[in-house]
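What follows is a single structure, written as structure tokens, with notes after it.
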Amino acid sequence: MAIDYFDAMGAERVAVPERISFALDHYAPPASRKTAALHDRVRDFARRHGIEWREVGEGISHQLLAESGRASPGRLVIGADSHTVTAGAFNAFATGIGSSDLAAAMISGRIWLRVPESIRVVLTGARPCRLDAKDIALALLGELGSSGASYQALEFEGSAVAGLDMDDRQVVSNMSVETGAKAGVFPADAITSSYLEGRTEERWVAVESDPDARYARELFLDISLLSPQIALPHEPVNAVPVTEAIGTRVQMVFLGTCIGGRVTDFHQALEILEAGGGIADGVRFVATPASKTAYLDLIGDGTISKLVEMGAMVTMPGCGACCGTSGPVPGDGMNILSTANRNFKARMGNAKTSIYLASPATCAASAVTGCISDPREIGC
């Protein structure tokens, strides 16, 4: 769509091609001639304008941005996907924009944004057993609702931040948009620096609010008081403790997406699957790595072969089944437990299903039993 607008605006070149990256992730692999033609058009545009493009199978744009070091403190990151906010984990201001805005930015190298108000989110407490970053994110959604942070930036701080690695922070930043937030920004610290070492040679400077900064609101969340969470159909903000849905039959479990397809997510799921005795009969377990790098790492350490031996369907890196444009589509009447960030009706390509959202640990524990289960019951 951005290319359509680019052409409609009569543009002949992009302003700064080295600052642009395309990723063929949502329709990977293409499931129709029309989709294959769209991919060819993106490739052709990228070649003509000297733009980097990441091929089908390389992975999801947000994960690739992180792995490449292109998301770093102080940067402004914009993308024609609402979950561009993921890069806020790197102390960047990252936000999703419309396709026409993206076209204008490609042409001019500039963008107009209103500076948002900020909500200060203070995370405290020690993380309990089996509490995942996804649980923290869902609890936050439950607090703020679907519009509680509309066009505002969530600024995360507090003693618990030091206990969140970069994978964790990306999960929380990613799901900030489900509250209506314009961005979800973490501070830059030693964990940020360690992750970026070797990924980028560019100098960066941490960005933080002034001591006398004024906030629209302050929210305090003690994660030591949280339990594993689950989002009930058909909204991510329908977050409740998993104990409220215990026993609900599950026919499909999806491990993957930009917040559930990293190496750490697969390792966590495999640990629980092995401890619980494998995948239950009648459960379709689909696993999709977030990037080729993650996929190769998981092949190298034996994780993929172990999942396949258990009966899991492992698909190529990308968005997979998350948005229903590629990958396995669930059947009518299925209950699906997913590590994804959205569970809107028809999200996975079939309006006659019910999608529940949870952490990799909860998804794995439920795959073991065949019904929604508390991951603390397995090896905690």
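Calculated [222 nm] ellipticity per residue, helices only, for the chain: -8500 deg cm²/dmol; basis is -39500 (n - 2.57) per DSSP H run with n ≥ 4, divided by all residues, nearest 500.
In angstrom, the C-alpha Rg and Dmax of the stretch 230-377 are 13.6, 38. Counting every other Cβ atom within 10 Å of each residue's Cβ, Ser82, Ser373 order from fewest to most as Ser82, Ser373.
What order do you get for Thr84, Thr264, Thr369 when you list them from fewest to most C-beta neighbours inside 10 Å?
Details: Thr84 24, Thr264 16, Thr369 19.
The order, fewest Cβ neighbours first, is Thr264, Thr369, Thr84.
Taking all Cα-Cα distances within the chain, those exceeding 31 Å account for 33%.
When Met313, Met348, Met9 are ordered from fewest to most other Cβ atoms inside 10 Å of their Cβ, what list results? All intermediate terms of the calculation are to be shown ahead of the outcome.
On the way: Met313 16, Met348 27, Met9 13.
Exposure proxy ranking, most exposed first: Met9, Met313, Met348.
Net charge near Arg70: determine it from the other residues with C-beta under 13 Å of the C-beta of Arg70, scoring Lys and Arg +1 and Asp and Glu -1. Result for the neighbourhood of Arg70: -1. For the chain, the share of DSSP beta bridges that are antiparallel, to the nearest 5, is 15%. Within the straight-line cut-off of under 20 Å between alpha carbons, the aspartates and glutamates reachable from Lys345 are Asp81, Glu178, Glu235, Asp332, sequence neighbours fewer than 8 places apart in one chain being disregarded. For the stretch 36-106, GluC sites (Glu not before Pro) are listed when DSSP marks them as loop and at most 16 other Cβ atoms sit within 10 Å of their Cβ; the list is Glu55.
For the stretch 109-243, what ratio Rg/Rh do Cα atoms give with a Kirkwood hydrodynamic radius?
0.98
Restricting things to Cα coordinates, could you compute the convex hull volume per residue of the stretch 1-154 in Å³? Provide the component values of the computation, followed by the final result.
On the way: hull volume 23.7 nm³, N = 154.
Output value, Cα hull per residue: 154 Å³.
Rule-based calculations on the coordinates, nothing more; no lab input. Keep in mind it's a predicted model, so treat the numbers as computed, not measured. All Cβ positions, even for glycine, are placed from backbone atoms using ideal geometry, and neighbour counts span all protein chains on display.
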